[in-house]
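Notes follow the structure.
Every number in this text was worked out from the coordinates using simple rules, so none of it is lab data. Keep in mind the model is a prediction, meaning the values are calculated, not measured. Note that we place each Cβ from the backbone using ideal geometry, even for glycine, and neighbour counts take in every protein chain shown.
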Amino acid sequence: MGKPDADGPGLPDLPPEWGRVVVPDDASALADEAARVRRELRRPGPARPALAFPLLVLLVAVLTTVAGLFAVTWPRSSRTDEPTVVPRPTPAELAGRPLPALDLVDAGQSPVSLRGLLPAVIVLVDGCACADRVVEAAAAAPAGVTVVTVTGDRTVATTPSPGPGVRPLADPAGGLRAFLHLPARPGTATVLLVDRSGVLLRVVPEVHSVEDYRADLARLAR
């Protein structure tokens, strides 16, 4: 039996009387040996028996080289280069998770802690200004609940006037969208309801009116 290597059993050992047989990495390195064998084959009959040993060495060397290349390039069932796919949570599955501790910016580019504004109705308006949706949220929010509008760049949405009780901010780093795994869609707004402890109560990916989440607003004031 051959000597085991890192990938399994090796080739059978060669007879000790053959001496040390060097197997090159490139089979083309055996060109000189192959040429000498061909010259010997063209000689008269008496010289041919002497070719048995070099022919055998040459054959073993070629087979060993090919076997080594085959072992390196052959795909192994235990090896995989495919990345592990982690399923993204749906909007319903985000409910009950804590809101990330994000710092957004105001119109003066000063950082504002989002957690410092809780409880809050957060309206993502990076898909559209959606003034009607903002006005509805401000009118329906219970006392003590902040309505926060969030754009997706460094420009804070100040027009049309958001009205009293509305805090316009910007999220240039896109932290909220990254947390939600919800890309902005043109013409739509997304609403997040977050209680005073920082827990996300509900995510409404596409808001058509305040009626989509009115029943959950009372939970924010608790």
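Per-structure values
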{"read-out": "Residue match in the range 139-154 (condition: of a type in the set (D, E, K, R) and surrounded by 13 or more Cβ atoms within 10 Å (Cβ to Cβ))", "value": "no"}
{"read-out": "Which listed residue is among the hydroxyl-bearing types (Ser, Thr, Tyr) and either assigned to a strand (DSSP E or B) or in contact with a Pro (Cβ under 8 Å, 6 or more places away or on another chain) (or both), from 149, 155", "value": "149"}
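Here's the yes/no breakdown for (1) farther than 21 Å from residue 171 by Cα; (2) in contact with a Lys or Arg (Cβ under 7 Å, 6 or more places away or on another chain); (3) not small (Gly, Ala, Ser):
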| position | (1), (2), (3) |
| --- | --- |
| 181 | no, yes, yes |
| 185 | no, no, yes |
| 191 | no, no, yes |
| 194 | no, no, yes |
| 197 | yes, no, no |
| 205 | no, no, yes |
| 208 | yes, no, yes |
| 214 | yes, no, yes |
| 218 | yes, no, no |
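Residue-by-condition table, conditions (1) buried (at least 22 other Cβ atoms within 10 Å of the Cβ); (2) in a loop (DSSP other than H, G, I, E, B); (3) in contact with a Gly (Cβ under 8 Å, 6 or more places away or on another chain):
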{"site": "96", "(1), (2), (3)": "no, yes, no"}
{"site": "109", "(1), (2), (3)": "no, yes, no"}
{"site": "127", "(1), (2), (3)": "no, yes, yes"}
{"site": "135", "(1), (2), (3)": "no, no, yes"}
